[in-house]
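What follows is a single structure, written as structure tokens, with notes after it.
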Ligand code: NAD
Ligand code: ZN
Ligand code: ZN
């Protein structure tokens, strides 16, 4: 058996990843070893590599939290999965299971939560160690490369739409039609919502239309808030901001209908100004949303297994990661890049 694996490692923030040969890790008690088949590249991996956020990962680390693979070995005492199962190793790598948030199925905010590809090494490697209690179980019939974007971009956009509390027939704005947004449009349509997609790239907006968006608005053209209010007859009942750009956040609040909810999931570093009078006098809710719980994960995957949602993917080898990051930073990735690993 092989003893070493390829991994793309962050050694310094803001520098290219380094392709390295690392020893294949051994799963400890209660852990499993996963042989990676595919791993999506999320904009979060780019924030992680740049050290964008107040809570920084320890160096060196291996990013990637959309890793899908086959369970190759079990540590002592593991019963939740078996060898040969296809699983995903998500952003929510593990949690304590006992605190008030875990008990309320709010485990992404558990103080003990660990994050895949951030506080734990992730899927930009041929093998990943995982906690079997928090892995995603990939439905039969879903290929690894198709499942990869769902375990972060999919669950996050799906949960974010639920958090808007918009009901069938009502309007949602999906701001940012990238990895998260192109799936968000499909979830929203499958949930019976009317969708207005917002981006700064006409190619992405054309794609949004093909995916079923009822209206599209280019945020760089004229007055995008007025355009959304016109298209939706008074603003969207729910707004989901996935754009990694601060300007999109203030706009998103303005696009929210009276008594509606604006859900923030994009994570550009920084703050955005909030027009207090408008938010108060229009009774607008502004809410953060952070991936989702294990039930949300199963639901998000089920939409895809039922053929209602499909990730658009561009396949690349692990060795292309620095080029992929460069394109992602410039908004030049059409939907989602998935790194595919050789089967031997
Ligand atoms: P992406 O790069 O694939 O897509 C971003 C899209 O936003 C692109 O289509 C881009 O053209 C568009 N955009 C840029 N500026 C815009 C603007 N001003 N208005 C409208 N659209 C604009 O990124 P992604 O992988 O979809 O991730 C998006 C963000 O969500 C990142 O900040 C990421 O860290 C964050 N994220 C958060 C969570 C969470 O749990 N809250 C989970 C995953 C990702
Ligand atoms: Zn992600
Ligand atoms: Zn907890």
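Throughout, read-outs are computed from the coordinates displayed, never taken from laboratory work. These numbers come from a predicted model, not from an experiment. We place every Cβ from the backbone using ideal geometry, glycine too, and count neighbours over all the protein chains shown.
Relative to the longest principal Cα axis of the chain, at what angle does helix 153-164 sit, 0 to 90 degrees, rounded to 10?
Helix 153-164 sits at roughly 40 degrees to that axis.
For the chain, give me the percentage of DSSP beta bridges that are antiparallel, rounded to the nearest 5 percent.
55 percent
Which whole-angstrom value gives the distance between the alpha carbon centres of segment 82-146 and segment 272-297?
Here the answer is 25 Å between Cα centres.
With a cut-off of 8 Å between alpha carbons and a minimum separation of six or more residues, what is the relative contact order of the chain in percent?
Relative contact order of the chain: 18 percent.
At 222 nm, what helix-only mean residue ellipticity would the chain give, in deg cm²/dmol to the nearest 500, using -39500 (n - 2.57) for each DSSP H run of four or more?
About -7500 deg cm²/dmol.
If one takes the longest principal axis of the Cα atoms in the chain, at what angle in degrees, from 0 to 90 and to the nearest 10, does the Cα axis of helix 179-190 lie?
60 degrees
Where does each of 1, 191, 255 land when they are ranked from fewest to most other beta-carbon atoms within 10 angstrom?
1, 191, 255
Can you sort 280, 18, 129 so the residue with the fewest Cβ neighbours within 10 Å comes first?
Ordered by Cβ neighbours within 10 Å, fewest first: 280, 18, 129.
If you take all C-alpha pairs in segment 2-46, what percent of them are over 13 Å apart?
It works out to 70 percent of all Cα pairs.
Mean 1/r over all different Cα pairs, inverted: what Kirkwood radius does the chain give, in Å?
Roughly 20.2 Å, rounded to one decimal.
Given a 10 angstrom Cα cut-off, can you work out which residue in 138, 174, 68 is the most mobile in a GNM of the chain?
Answer for the Gaussian network model of the chain: 138.
Based on C-alpha coordinates, I'd like the Rg and Dmax of segment 1-127, in Å.
Taking only Cα atoms of segment 1-127, I get Rg and Dmax of 14.9, 44 Å.
Pulled fully out, how much extra length does the chain show between residue 143 and residue 82, if you take 0.36 nm times their separation in residues and subtract their Cα-Cα distance?
Computed gain between residue 143 and residue 82 is 20.1 nm.
How would segment 154-288 be classified by its alpha-carbon gyration tensor: rounded, prolate or oblate, with rounded meaning a/c under 1.5 and the a/b versus b/c comparison settling the rest?
rounded
Ranked from highest to lowest mean number of other Cβ atoms within 10 Å per residue, what is the order of the peptides 319-328, 293-302?
293-302, 319-328
Can you put 13, 115, 249 in order, fewest other beta carbons within 10 Å first?
So the residues, fewest neighbours to most, are 13, 115, 249.
Between residue 13 and residue 276, what is the label-to-label distance in nm when each label sits 7 Å out along the Cα-to-Cβ direction?
About 3.1 nm, to one decimal.
If you line up the long axis of helix 294-305 against the longest principal axis of the chain, both from Cα atoms, how many degrees apart are they, to the nearest 10?
Compared with the principal axis, the helix lies near 80 degrees.
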